[in-house]
Every structure is written in structure tokens, then in C-alpha cells.
Number of protein chains: 2
Amino acid sequence: MPTYTPPIRDLQFVLHEMFDAVGTLKQLPPHGELDADTVNAVLEEAGKFAAGVIAPLNAPGDIQGCTLDRDTHAVRTPEGFKAAYQAYVDGGWPALSVDPAHGGQGLPLTLNQCLYEMLNSANQAWTMYPGLSHGAYECLHAHGTPEQKALYLPRLTSGEWTGSMCLTEPHCGTDLGLLRTKAEPQADGSFRLTGQKIFISAGEHDLAANIVHLVLARLPDAPAGSKGISLFICPKFIPQADGGLGARNPVFCSGLEHKMGIHGNSTCQMTLDGATGWLVGQPNKGLAAMFVMMNAARLGVGCQSLGLTEVAYQNAVTYARDRLQMRALTGPKAPDKPADPIIVHPDVRRMLLTARAMAEGGRALLVYTALQLDTALASDDADEKAAAERRVALLTPVVKAFLTDNGWTATSACMQVYGGHGYIREWGMEQFVRDARINMIYEGTNTIQSLDLLGRKVLGDNGKALKEFGREIADWVEEHGVTESMQEFVNPLADLGDKVTKLSTELGMKAFGNADEVGGAAVDYLRVVGHLCFAYLFARAAQVAQARIAAGSDDPHYRAKLHVARFYFAKLLPETAALIRSARSGVGSLMAMEADLF
Amino acid sequence: MPTYTPPIRDLQFVLHEMFDAVGTLKQLPPHGELDADTVNAVLEEAGKFAAGVIAPLNAPGDIQGCTLDRDTHAVRTPEGFKAAYQAYVDGGWPALSVDPAHGGQGLPLTLNQCLYEMLNSANQAWTMYPGLSHGAYECLHAHGTPEQKALYLPRLTSGEWTGSMCLTEPHCGTDLGLLRTKAEPQADGSFRLTGQKIFISAGEHDLAANIVHLVLARLPDAPAGSKGISLFICPKFIPQADGGLGARNPVFCSGLEHKMGIHGNSTCQMTLDGATGWLVGQPNKGLAAMFVMMNAARLGVGCQSLGLTEVAYQNAVTYARDRLQMRALTGPKAPDKPADPIIVHPDVRRMLLTARAMAEGGRALLVYTALQLDTALASDDADEKAAAERRVALLTPVVKAFLTDNGWTATSACMQVYGGHGYIREWGMEQFVRDARINMIYEGTNTIQSLDLLGRKVLGDNGKALKEFGREIADWVEEHGVTESMQEFVNPLADLGDKVTKLSTELGMKAFGNADEVGGAAVDYLRVVGHLCFAYLFARAAQVAQARIAAGSDDPHYRAKLHVARFYFAKLLPETAALIRSARSGVGSLMAMEADLF
């Protein structure tokens, strides 16, 4: 059975030493009183909760899965999930970074990000239940009426109720413009919702008293396609005016999917059989309203893979230290034992360091993005706020796709460290791989993320947001490029920055001539931008570590930072050479073959 | 539920048009009478059997799995497996490429390779049962006494009995030198075997009357380590002189593993509780004897991933043609439909073509290797035989590791084509991914394969086998490089050939100074050599296709060949840029970090 140790030290390194998170956040009006002790206390308690309460439920939850009672439409989650959720609510965790106006604790989203990394390491399937509430909260917070906010937000904040996103239908996932669920206006201002939804994570369960479904549907007179979609709130139980639970709304689970992984989370087919709903935001503007929820969810999915990468790494390291097999190529390293621990073998180290670099890089990127998100939400400087919004918009698809592709690579590498044992359920590694796989698909496939990045976020704004990010990197390069000991990190970073600029320009030119060029290069391009982020963040981490060591610290964490950064530049960054070559080869080799020759 | 169509046309292209397999094989004394009609008839019948009998059992077998009766130690395979095996035996398939002296049909191994590709596409878990018999057969054929051969080979040939390889123990997989199973000599010349084995594929099942276990164990006076291991034959039922079944031997299944995939195959913990066995070959030379079996098995594992790659590709194409989602970036392609089929999208094509190129390249590489294997076994020219043996030895780790890594990439890409549906069991794609994962691990992890290639097969013989292969490629390049229409294929092939030569030399020099340099670069190196094979084979395929088209053929298969070859050079070959850069960066970044900093 895998174990999990919250990476408090590295979270603190990223928060305090790389980004001076407290100093940054204190500039924002709601966080003027924040201090490092509070941050550290939250990290410690969150880590204890994740490792102590949630992690032990992960492997049993995978084996047990969820069950549906077809008579009552009730879904039973795996043993222990409900009690753990109650403990989560009792601990006030759902409220951590929520607006105090709705009962929240008002701490920065950056801290919530750290909490979620640890919860996801402990148990991705469980964490999806509270995770979906955040999206529902954000969406209602942004688009709900005052009455809707007053009724729903405090109960989502407390965790008394949870949320779900009812988007996908059997014939449409990516292309929501095709959806068919109907919303018929009723005399009392409500709507009658009828349709079928699939793949609804946490659509039905036994953890909370009520479930707040946010449903996309079509009004009778709606235009065809994505401009005719409206957003509705459709609770499992219709709340009474005082918030008490009224009638059971006919929005029920009609089937559970059998999936590759995340067995502990209920993936529901939902039937809306004339369910009562209320419009959220403007008619026919539902897709835009839903994107508030979706963007948060996309960062959340990147965070899921970060969590899996970290926990897979930790367990693989333990195994690699314990497992004795063969002698080092350079001669015995543990001559008193029958064989050397496999951590002496270069390729075992390569697999471990791949996962470690992906965890450290992913952690830094998510914290960096969360700080931008806090700034976007809470800054009182309009320019700063807008710039932070652009940065978040730019980085969201990168976080989602780059980190989830990395999570697949990393969990598979960690599983490989175990040899045959990695394939066996009891070791827990294969579950991490199976769980990680969904993250490349849901909340917009990684292909969709890449089109969002290249098509919309880069070419769509003429490269403005990318240039701003590039300027930040260039400024940093200029500042630290003069330090000789930093050149091994700064030079490849600067080189990659130049290449990204050239590649972006080249792809923009090609796209003028042929729109398919965007689709042909986008996936490669996104990974190149992901590497630019990682190269920047590893260089920054190395700079901090060097400075601490130069100042006399003998904390081994700093030595390790330098090793991991060197590994990243030597062994992972070279992927960009392949990606750029592939991206530049254009779309011809993809499009030339007639469909019937496939 | 996935479907499967045997790729007869492409097998014929590879056999007849790329390699003139019949012409080549007819030069070998046992195959002087071979003709193309026989080959084609075998392909057709094998395809019918695979698609009609075995494929329908794949998904149900995954869900049902194997069960162990702990009282009787009997293992029940999924419903239909036993009847399908009987049909396989009745069809004479186990005997296809077996020596007629032992009841075989004496057809080339190359044909058996084609049979196995199709069986693996249909059902990897089922195919492992007959697959393991081949290894046992080869091993006894090479090392058994005349009496052992007479007793066992005909029954393995007919399929009446199956085989197993009992190597791994809980504390040793890669490092068999550590194994502990004891073999005590008995007065009658037999041995009493006592120990625990794990991960024994097809170690117990209900398909055949007897199971011929080949067991590695230690004699009482054996030297420590890998030089003290002997090989024993240990049947489930002790055969009587006439081949009838005698006493049940105490070699029994004490547990079944719960695995990520290949649920239809029994992965057994085996207990040898004073079981009777007989020595095969020389005392303490068991590891070498076992390697006869292992090398065949390694090619077989590459073939498993080829099979999964092909079937995943076929189903993903069907889905991509049927699924309507979004419009093409260049405007509607199916304006009469609510959306375009997703095969219009460049990245969907990239995923499909990735799998297709990996299937076509893998098929060509395995047929190429099988022809060398037939030559190695059956040539009457000692030099030709030795050269073919060297070529097979060189390519075996490449086939095993490159094709299984590719199979993981390809099945995952095909699953991604399905979006959320790919993650759901009923579509069958996630099973291909789970099944494919074991192939990177068993029969020697892919890291072990890479060390075998770089350390033993390349540096260990001073590059002789690699140079011979390079010479073949260079000759071909010289012949076809003058054709202008071939330059898009020949130039990158020639360039990669030069790079492989330089990289091999560089790594050899570095290895003199530090043996770990081999371990640090081997995995990257193996994939570079894999690409050299693919680049050579795609260039050859393109040359054939161009020649056919130039001669007036309008067979779309040739046009498709050119498209896939162009895709390979544009989009997959660029990986070599990253691999070479990573390999050349050396082992420093892997070894510098102290083990306790991980």
C-alpha cells in the first residue's frame, strides 16, 4: 500500500523562497494581514488531514468503487468517504479561500491550491467531490442573482451541499453547441429541464445533504449551436426559503460508468425528467458563464496530476532504496548486501528524477499561477488586475495539458521502477497511472487546451499575453545572466525563450495561409511553452538555492534543488528539440491522406 | 465493443513486396517448397481464427478474469477460453512452424510471427497461453535429452500440453542470480524442487491436460549468484512412459495476482513443495539455457504490443469517422451534418497516424527479424547463419523495448481519440492501454533491454553487428539515394545512420571512463536505434510503393504507404533530436545527487 508524506518543505520553498508569496499577497486588499505563520499552519494542518484521513481511503476506494441502487437512484460511495467528507466539513476546509461575505475564511486561493495538491496526492477520486463545489461556487458567485447567492453560496462554502457540472451529453462533449437538453419556461419563472447528461463527476453521492447541479440546456427559442445555450441551477432537493430541503427534484442518476480509474468517484449518467431549474446569468449566454467554472476546473485538473506525480515519486523512491537487484555497473555499492539497492542504477534515477522534476516544476507553476489568480481577483490596481488575468488565461491551458501529460509520463515511470510489482494492484502504483489518465481528457481534452493556447491565447491576442510573460522572463534573465554560476541555467532558458518567440511568429504566419496549421502544431507548441515555464521556474529555483548555499546554508533541500534543476536541463528540456522540429514540419503530413485511406 | 479486421493486405505487402519473403525463405533447405499461395492461405485462415474465435473473448475475459479454487489449486480461465484453445489445437495452429520431426508443419517462423500478430490483436491475454508453449518447446528442443524431447516435444507441438517459465521469485526478477528455489538430487536421477515463484504467466489453468513448467533452481553445491542456477523440467502431472498422465506433481498455484490488465491470463504465485523435476542441459548452466526461451519471448512481447497497436488504431479510426464534433478549422467538411467527423481535425489525425506508423513500422520490423530468425535456424551457409544470428541478437532488445514503448504511446493516443468515451470500459480502448503496459516490464524491463543493446550487443562486440546492419542500410541508401523522388526518405535515413554511428562511438569512449555512462544513455540510445530501423523500413516501404505507382498501379494501399512514411519522417523521427541530445548530456545529472536527497 502506498504511503504519502506532505511535501511541506518544498511547498514552503516555493511559496516563501521562490515567490515571497506572503509579501505579494499582502499587497492585495483582502490579504493585508496575511503572515507566514498562518500560511505554514494551514500547510501543516492540510497535510495532516490529507495524509491521515484521505490517503488511507485511496486504494480501498479504488477496489470498492461506487454503487448505484437503481430503485432509489442513490449512489453509495466507498466505505469511509462519507465520514472523511464530514471531517473535511467540520475542519472548515471547504471555506478556506472563500469570500467571508458568504461564510468563507477569506484566505488566498494560493493556499487552497496547496491544500488541493495534497488532497490529490492522497486521493484524487475523493477530492473530486469537494473539488466540484468550488466550480459551482465560482460560477454562482460570478453570475448568480443576489437571491441565488444568498441561498446557495453559504451552503457550498460550508460544504453542507456540493456541486456538479452537467455539460456533456452522449453525442457531445467538446462540441457543446450540439447539446439537446431542453429548458421550458414555467409560469413561476422557473424552468422545466429535460434531457440526458453523461460523464457527470460526483453527479450523485451520499456525502452531502444536497447537490447543486449546474446544467447547460436550450431554451425553446434558442439559436442553434453554442450561442443558444443557457445555464441553469438545478438542485437535487429543491431548497425551501429557509434553506431547508424540499421536494426531490427529478434529476437523478440513471447509471454509473465503469471506468479505467478514479473508481471512488461516481461518474454518473444523469436523467433530467422535467426537473425544476432556475436560469443563471443571461439567456443563451450559458457557455460563457460556465467557462468561469471550467477555467477553475482546468487548473484543478493540472493540480490532480501534480498530486499523483508527487505521491508516485515518493513511493518509487522508497521502493528504489529498499529493492536489492543487480550490482552497480561501476562495482558494488552495498557489498554487505546480496545486491545493490536499485537506486544506484542510472536509469532508475532517470525515471525517479523525471517524476521529481515534473512534480517540482508543476508545483512551482501552479503556485505561480495561483498567485496571479489571487492578484486577478483581489488587486485594486486595474492594470495589474488585467495583466494578471491575461497571465492566468495564458497559463491555464498549459497547466492543464502540460501537467497532465507529465503526470501520465511520471506515474508510468514510477510504476516502471517497481518492475513486475508495479503492475500488481496491491502496490498501488498502477492505480496512480489509471487515475492520471483521465486528467488528459476531461475539462477539455489536451488537444482542446492546445488549440485554446495557440489559437486563442497567443495568436488570438496577437501574442500580447505571451510577450508580457516573455518580458518577465527576459528581465529575469538579464538580472541573473551575469552571474557565472547561473549560466548553466540561464543560457538554455534564454535560448528557449528566443525559440518560442520565433516559433510563435512562424506559426502565426502559417495560420494566415491555412487555419489547419494551428491544429497541426498546437500540441507540440503547448509542450514547448510548458518547457519555457519549467525552464524559467527551475532557473529561479536554482538561483534561490545557490544564493542560500552561498550564504552558508547547509540545508540539503538547496543541494537537491540544484541537482533536480540540472537534471531538468540535461534530460527533459531536450524534448523541445523534437517538438519544435515536429511543429515546424507543418500540417501537410497530417492532412494529405484522404480520410478513407486511414 | 471493439472490432478487429486482420491486416492481411499489409502483411502481404510486407512479406511479398518489401521482403520477397517466399524468395528468401525458399533458399533455406527446409522451406524449398514454400510458395506464396501457402503463405496467403495461412494468413487468411489465421486471420479468420483470430478475429472470429479469439477476439470476441477479449473484453469479457478482461471483466471476468481468472479464479483460483484454493482447495484444489485449480485455476479457471474466463468463459470460452478453453473451447477456443481446443479449437486452436484442433486447427493445428500450435504446430505451424514446428519441426516436422516432432509433429510440426515445418512452416517458417515468419508465418508464425504473422499468426501471433493477429492473435495478439484479438486477445493478448488468451494468446499468452499458447505463446508460452513455444518458449518451452524451443528450450527443450535446444537443451533437452533425446528422451525429454521424445516425451515432451510432440505434446507441446500438438498443444495437448502447454508450457510455463518459472523464473521470478519475490525477491528477484531482473537479478535471477539471487534466486533461492532448491533442487535436491534424488537416487533415481530426478530432483526434488522446493521454493516459491511469482508472476508465472499461465502457470496454472484449465486449457490443457498438462503444463510443462521450466523451473530455475539451485543445486545443493551450486556456486552463489547467476553461475549457480540450473534449469529443470517440472510437469504438473508426471508423465508415464507412454505419455499418459501419472501423479499430480506438487507444483501448484498458491495465489493469483490482481493486475492492471491481461486479466484473462492467470498470473500465478507457484509453490514447489518437493516437486519432482529433471535437469535440462548442464548443471549450473540454467540461465544460458533459459535464454533460448527468453529471446523468443522477447520478440513475442514486441509482437504483443504490435498487435495492440494495430487493433487500437483500427477502432480509433472507426470512431474518428463516426463521431461528429466541431467544424474543421478550415470550414465545414460535412455541411449536411450537425458537425464534422473528428477525422477532419489535424491533431486527431496526428494521434491516428502515430498509431498507424507504429503498427506498420513494427510489423515490418518483426517480419524482417523473423526472416533473419528463419535464416539463423535453417541456413546451410555457416557465415549467413552466423550473420543472421548476430542480426537477431542485435534487434531482439530493440523489438522488445521500442515496440512496447510505442504500443503504450499508440494505445494511449487511440484512447485519447475517443475523448471521455476512451476512459469507459465498454468501448474497450482502456483495456488495450492496460494490457499494453505489462509489455514494457516483463521478459526483462525495457531498461534491461537497453543495457543489453548498448552494453552487450553494440559495445560488447565492438559494434560488429551494428556495423553490419549499418552496411546493409548504407548499401540500400546508395542504391536508392540517386532517385530524386526518394530523397525525402533517403536523406533523413542517411543522416540518422551517421548520427547513430557517431553516438555509438561517443558512448563507447565515455563507457571506458565510466561504466555508468552506458546505463545513463542506454534507454535513449535504444530508441534512436529503433528509429533507425523504422526510418530504414519506411524508406523501403516508400520505395516499393513509389515503384508500384510508377508502374501504373492505382491500389490505394501504395498511396497510403507514402502518406504514412511522410508522416513518420515529419512527426515521429524528430524524437531522435531530443534523444540524442539527452544521451549526449551524459550521466552526471543522474548520478550526482546523493541517494538520501531523493
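The values are calculated or read from the model by the stated rules, or taken from the named source; none is laboratory data. Since the structure is predicted, the reported quantities are computational estimates derived from the model, not experimental observations. With ideal geometry, Cβ positions are generated from the backbone for all residues, glycine too; neighbour counts draw on all protein chains shown.
Of all the numbered requirements in (1) out of contact with any Pro (no Cβ under 9 Å at 6 or more places or on another chain); (2) under 30 Å from residue B:259 (Cα atoms); (3) not in a helix (DSSP H, G or I), residue B:207 misses one, and that requirement is (1). For residue A:495, the conditions (1) in a helix (DSSP H, G or I); (2) among the acidic types (Asp, Glu); (3) buried (at least 23 other Cβ atoms within 10 Å of the Cβ) all hold with the exception of (3). Counting the residues of the range B:309-325 that are more than 18 Å from residue B:58 (Cβ to Cβ) and surrounded by 24 or more Cβ atoms within 10 Å (Cβ to Cβ) gives 0. Please pick out the residue among B:264, B:243, B:189, B:274 that is surrounded by fewer than 24 Cβ atoms within 10 Å (Cβ to Cβ), in a loop (DSSP other than H, G, I, E, B) and touching a Leu at 6+ places or on another chain (Cβ under 8 Å). From the options B:264, B:243, B:189, B:274, the qualifying one is B:243. Would you call residue A:147 assigned to a helix (DSSP H, G or I), crowded, with 23+ Cβ neighbours inside 10 Å and charged (D, E, K, R)? Here the answer is no, as residue A:147 does not meet what is asked.
Yes/no matrix, rows are residues, columns are (1) out of contact with any helix residue (DSSP H, G or I) (no Cβ under 7 Å at 6 or more places or on another chain); (2) surrounded by 23 or more Cβ atoms within 10 Å (Cβ to Cβ); (3) more than 29 Å from residue B:580 (Cβ to Cβ); (4) of a type in the set (Gly, Ala, Ser):
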position: A:539; (1), (2), (3), (4): no, yes, no, yes
position: A:556; (1), (2), (3), (4): no, no, yes, no
position: A:565; (1), (2), (3), (4): no, yes, no, yes
position: A:568; (1), (2), (3), (4): no, yes, no, no
position: A:573; (1), (2), (3), (4): no, yes, no, no
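Considering only the range B:210-240, how many residues are assigned to a loop (DSSP other than H, G, I, E, B), surrounded by fewer than 19 Cβ atoms within 10 Å (Cβ to Cβ) and free of Cβ contacts under 8 Å to residues at least 60 places away in the same chain? Result for the range B:210-240: 4. Out of the residues in the range A:55-83 that are surrounded by 23 or more Cβ atoms within 10 Å (Cβ to Cβ) and hydrophobic (A, V, I, L, M, F, W, C), which is nearest to residue A:158 (Cα to Cα)? Restricting to residues being surrounded by 23 or more Cβ atoms within 10 Å (Cβ to Cβ) and hydrophobic (A, V, I, L, M, F, W, C), the top hit is A:81. For the range A:4-33, which residues satisfy the criterion of being in a loop (DSSP other than H, G, I, E, B) and out of contact with any Ser or Thr (no Cβ under 7 Å at 6 or more places or on another chain)? Selection gives A:5, A:6, A:7, A:19, A:20, A:27, A:32, A:33.
Pull up the range A:234-267, narrow it to residues that are of a type in the set (A, V, I, L, M) and over 17 Å from residue A:169 (Cα atoms), then point me to the one that is farthest from the other protein chains (Cβ to nearest Cβ). Working first, answer last.
Of all residues in the range A:234-267, those of a type in the set (A, V, I, L, M) come to A:238, A:241, A:245, A:247, A:251, A:256, A:260, A:262.
The next check asks that each one be over 17 Å from residue A:169 (Cα atoms); those that pass are A:238, A:241, A:245, A:247, A:260, A:262.
Working: A:238: 29, A:241: 38, A:245: 31, A:247: 31, A:260: 4, A:262: 9 Å.
Checking each candidate, the answer is A:241.
In the range B:279-299, the condition of being over 23 Å from residue B:148 (Cβ atoms) and not small (Gly, Ala, Ser) is met by at least one residue.
Checking the conditions here, which among A:536, A:525 is among the hydroxyl-bearing types (Ser, Thr, Tyr), within 14 Å of another protein chain (Cβ to nearest Cβ) and within 28 Å of residue A:466 (Cβ to Cβ)? Quick ask: steps written out before the conclusion?
Values: A:536 fails: within 14 Å of another protein chain (Cβ to nearest Cβ).
Every option except A:525 fails the conditions.
Taken together, the residues in the range A:389-399 that are more than 14 Å from every other protein chain (Cβ to nearest Cβ) and either at pLDDT below 95 or crowded, with 21+ Cβ neighbours inside 10 Å (or both) amount to 7.
Listed conditions (1) within 22 Å of the chain's Cα centre (by Cα); (2) within 14 Å of chain A (Cβ to nearest Cβ) are all met by residue B:365, apart from (2).
Just for the range A:570-582: of the residues that are within 7 Å of chain B (Cβ to nearest Cβ) and in a helix (DSSP H, G or I), which one is farthest from the chain's Cα centre (by Cα)? Spell out the reasoning first.
Filtering the range A:570-582 for residues within 7 Å of chain B (Cβ to nearest Cβ) gives A:570-571, A:574-575, A:577-578, A:581-582.
Checking the rest, the ones that are also in a helix (DSSP H, G or I) come to A:570-571, A:575, A:577-578, A:581-582.
Values: A:570: 27, A:571: 25, A:575: 23, A:577: 26, A:578: 26, A:581: 28, A:582: 27 Å.
So, considering only residues that are within 7 Å of chain B (Cβ to nearest Cβ) and in a helix (DSSP H, G or I), the one farthest from the chain's Cα centre (by Cα) is A:581.
Can you find even one residue in the range B:545-554 that is crowded, with 24+ Cβ neighbours inside 10 Å and either more than 7 Å from chain A (Cβ to nearest Cβ) or more than 18 Å from residue B:15 (Cα to Cα) (or both)? Yes: one or more hits.
Might you check whether a residue that is touching a residue at least 12 places away in the same chain (Cβ under 8 Å), of a type in the set (Val, Ile, Thr) and facing chain A (nearest Cβ under 10 Å) occurs anywhere in the range B:411-425? Within the range B:411-425, one or more residues are touching a residue at least 12 places away in the same chain (Cβ under 8 Å), of a type in the set (Val, Ile, Thr) and facing chain A (nearest Cβ under 10 Å).
Within the range A:290-301, one or more residues are touching a Lys or Arg at 6+ places or on another chain (Cβ under 6 Å) and either charged (D, E, K, R) or closer than 18 Å to residue A:156 by Cβ (or both). Among the residues making up the range B:1-55, those that are among the hydroxyl-bearing types (Ser, Thr, Tyr), under 27 Å from residue B:318 (Cα atoms) and out of contact with any Asp or Glu (no Cβ under 9 Å at 6 or more places or on another chain) are B:3, B:5. Residue selection: residue A:567 fails the criterion of being more than 8 Å from chain B (Cβ to nearest Cβ), assigned to a helix (DSSP H, G or I) and among the aromatic types (Phe, Trp, Tyr).
Those residues that are among the basic types (Lys, Arg) and without any contact (Cβ under 8 Å) to a residue 12 or more places away in the chain, I need them from the range A:362-409; list them, please. Working first, answer last.
Of all residues in the range A:362-409, those among the basic types (Lys, Arg) come to A:363, A:385, A:390-391, A:400.
Across the range A:362-409, the qualifying residue is only A:385.
If only residues of the range A:586-598 that are more than 31 Å from the chain's Cα centre (by Cα) and at the interface with chain B (Cβ under 7 Å from one of its Cβ atoms) are counted, the one that is surrounded by the most Cβ atoms within 10 Å (Cβ to Cβ) is A:589.
Is it the case that residue B:455 is within 9 Å of chain A (Cβ to nearest Cβ), surrounded by fewer than 23 Cβ atoms within 10 Å (Cβ to Cβ) and in a helix (DSSP H, G or I)? In short, yes.
Annotation note: of B:512, B:489, the sole residue that is assigned to a helix (DSSP H, G or I), modelled with pLDDT under 95 and over 26 Å from the mean Cα position of the chain (by Cα) is B:512. Residues that are within 14 Å of another protein chain (Cβ to nearest Cβ), buried (at least 24 other Cβ atoms within 10 Å of the Cβ), closer than 27 Å to residue B:111 by Cα and not polar (S, T, N, Q): does the range B:166-181 have at least one? No, that holds for no residue.
With B:377, B:306 as the choices, which residue is crowded, with 20+ Cβ neighbours inside 10 Å and in a helix (DSSP H, G or I)?
Numbers: B:377 fails: crowded, with 20+ Cβ neighbours inside 10 Å.
Selected residue: B:306, the only one of B:377, B:306 that is crowded, with 20+ Cβ neighbours inside 10 Å and in a helix (DSSP H, G or I).
It is to be established whether one or more residues within the range B:429-436 are out of contact with any Lys or Arg (no Cβ under 9 Å at 6 or more places or on another chain), within 19 Å of residue B:530 (Cα to Cα) and either modelled with pLDDT of 95 or more or facing chain A (nearest Cβ under 10 Å) (or both). Yes - at least one qualifying residue is present in the range B:429-436.
Go through the range A:533-554 residue by residue and tally those that are in a helix (DSSP H, G or I) and free of Cβ contacts under 8 Å to residues at least 60 places away in the same chain. Can you show your working first?
Of the range A:533-554, the ones in a helix (DSSP H, G or I) are A:533-550.
If we keep only those that are free of Cβ contacts under 8 Å to residues at least 60 places away in the same chain too, we end up with A:535, A:542, A:545, A:547, A:549-550.
Total satisfying the criteria: 6.
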